[in-house]
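The values are calculated or read from the model by the stated rules, or taken from the named source; none is laboratory data. Model, not experiment: these values are computed from the prediction. For neighbour counting, all protein chains shown are included, and Cβ atoms are generated from backbone atoms with ideal geometry for every residue, glycine included.
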Amino acid sequence: MNDTPGWASPGSAPSDGQEAGVPRPSEPADDSTPSGTWAAQQPPAARWSPPSPTGTGPSAPPPYPGRSTPPQGPAWGSAPQGPGWGAPPAAAKPGVIPLRPLGVGEILDGAVSTMRAHWRTVLGITLTVSVVAQTAILLVQRYLLPDPPAIDRNATGSEALRQITESLRYSLLDNAPPLLISMLATIFTTAMLTVVISRSVLGRPVTLSDAWAEARPRLLPLLGLTLLLAVMAAAIMTVGILPGFLIGDTAGVGLAFLGLLAAVVVFAWLMVRFSLASPALMLERQSITASMRRSAKLVRNAWWRTFGVLALTWLLTFIVAMVIGIPFGLVAVGLDDGSLSSFLTDGATAFGWPFLIVSAIGDVVVATITYPLSAGVMALLYVDQRIRREALDLDLARAAGLPGFDDRN
């Protein structure tokens, strides 16, 4: 964003191969502190020796009157504790994260802190989008999808192959609309939540209308980026398994399995490499291809760390989904009118309204919690990489209005 978090143009960033000027704290404005030049005359150098508890040496402390032993406390020469002499100064923290390179726990804590600090805005975004998305999915599943094909478990030969083909076709039709709707919902929430997180880093308030005003111009580019990544993933998987299917027979199955493994490895590598493209597109207002190049440069030499953070986030969201989804699933099964038993006996998936409604409510609750966590980790991981590579913490401190920072280098 051009007015708040100091999202500098990547053309001037050190990670782009250029030596950019890094903003520094401003010089003192009055004469109460030492200037940047030495005086013409200096006092003679003083002789100094470390303090000694034995009472010897020019700077030894006086003896302890009335005591046979020194007072209790840290001995001379021990490391100072807390913010005292010799301790590094604490990093500035105008918002939900300290302005320094972040640990994994701090990234997760920053995402959760954003949810707490701006819970009205975050809840308004995620709950609204989740309810709309799940309502659309429920209506599509109930009214627009064709009836599932009948499965004859005793079929053999060509009839069994035809039934398998029909089942696969129905599965694609059954899963495609929910996936598309979920993708659109993720794009919408990611765009708006990225704006919220960028404000929370600076400790600034943000309303739902503010988030919408800043995110709206970037929705179409973000949609294009998401579709491009999805097409890349589909192409990689197709290239990996298609030769095995074309060969057929037992050798073809083995080749398809090996191709699938290779495709998964390539897919994971590319997805991590381009994982920061979405925050770069939103906050730096880059084009689709420029944001992908930007993500690749930020992730360079940090692929495994980025993969670890994303894998941990995925694991946490999966656990949350299971903890919330299983009780809702059990309630949905209990309220169902027998559709589940028909599914177990003949493979039909025409669940009743109680099952669909309760399952949709569970999905809304899961999405309301997991959407902000995922978007927050992605945005803060982007901020962390820019702090490590480009000293973005100084830009953020200046944008937050911290004393001692201005536009001078």
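Arg285 fails exactly one of the following numbered conditions: (1) closer than 24 Å to Ile387 by Cβ; (2) crowded, with 18+ Cβ neighbours inside 10 Å. What is the number of that condition?
If we test Arg285 against (1) closer than 24 Å to Ile387 by Cβ; (2) crowded, with 18+ Cβ neighbours inside 10 Å, just (2) comes out false.
If Trp269 satisfies all but one of (1) of a type in the set (A, V, I, L, M, F, W, C); (2) touching a helix residue (DSSP H, G or I) at 6+ places or on another chain (Cβ under 7 Å); (3) under 23 Å from Leu222 (Cβ atoms), what's the number of the condition it fails?
Just one mismatch for Trp269, condition (2).
Go through Phe355, Phe343, Phe351 for me and flag whichever is among the aromatic types (Phe, Trp, Tyr), in a loop (DSSP other than H, G, I, E, B), farther than 24 Å from Ser275 by Cα and at pLDDT below 90.
Values: Phe355 fails: in a loop (DSSP other than H, G, I, E, B); Phe343 fails: in a loop (DSSP other than H, G, I, E, B).
Result of the check over Phe355, Phe343, Phe351: Phe351.
So in the stretch 184-209, with the set limited to residues that are under 11 Å from Val96 (Cβ atoms) and hydrophobic (A, V, I, L, M, F, W, C), which one is surrounded by the fewest Cβ atoms within 10 Å (Cβ to Cβ)?
Only one residue tops the list, namely Leu202.
Which fully enclosed helices (runs of 4 or more DSSP H) of the stretch 259-336 have 3 or more residues being farther than 26 Å from Val365 by Cα and touching an Asp or Glu at 6+ places or on another chain (Cβ under 9 Å)? Even if it seems obvious, please write down each step before you answer.
Values: elements: 277-283, 288-299, 303-335.
Once the helices (runs of 4 or more DSSP H) in the stretch 259-336 are filtered for at least 3 residues that are farther than 26 Å from Val365 by Cα and touching an Asp or Glu at 6+ places or on another chain (Cβ under 9 Å), what remains is 288-299.
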